[in-house]
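The values are calculated or read from the model by the stated rules, or taken from the named source; none is laboratory data. If you're wondering where the values come from, they're calculated on a predicted model, not measured in any experiment. Don't worry about glycine lacking a Cβ; one is built from the backbone with ideal geometry, like all the others, and counts go over all protein chains shown.
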């Protein structure tokens, strides 16, 4: 999963390292359990509200690590969220 983080000065595309820990919901359970599906929809609607102004998005504190990926003969700089959990009261 990829998030585009924006702090008003610029954006950063980051990938989620451990979605199970981040959302506190195992991905395999979301597909078969309506309660987990509703919880995931609720979390995502708070993280990515339908209104698209920057002020409508929640404040997110997370750990971000940079790393390089070999793409043919070139190295590409990537970022990932790690060791971060969505708080239950977002």
query = What pairs can you find where one residue is in the stretch 33-51 and at negative phi and surrounded by 13 or more Cβ atoms within 10 Å (Cβ to Cβ), the other is in a helix (DSSP H, G or I) and modelled with pLDDT under 75, and their Cβ atoms are less than 7 Å apart, with a gap of 6+ or different chains?
reply = 36/29; 36/30; 37/30; 40/23; 40/30; 43/23
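Hey, can you tell me all the residues within the stretch 61-74 that are closer than 14 Å to residue 13 by Cβ and surrounded by 10 or more Cβ atoms within 10 Å (Cβ to Cβ)? Break it down stepwise before answering.
Going through the stretch 61-74, the residues closer than 14 Å to residue 13 by Cβ turn out to be 62, 64-67, 69.
Within the stretch 61-74, 62, 64, 65, 66, 67 qualify.
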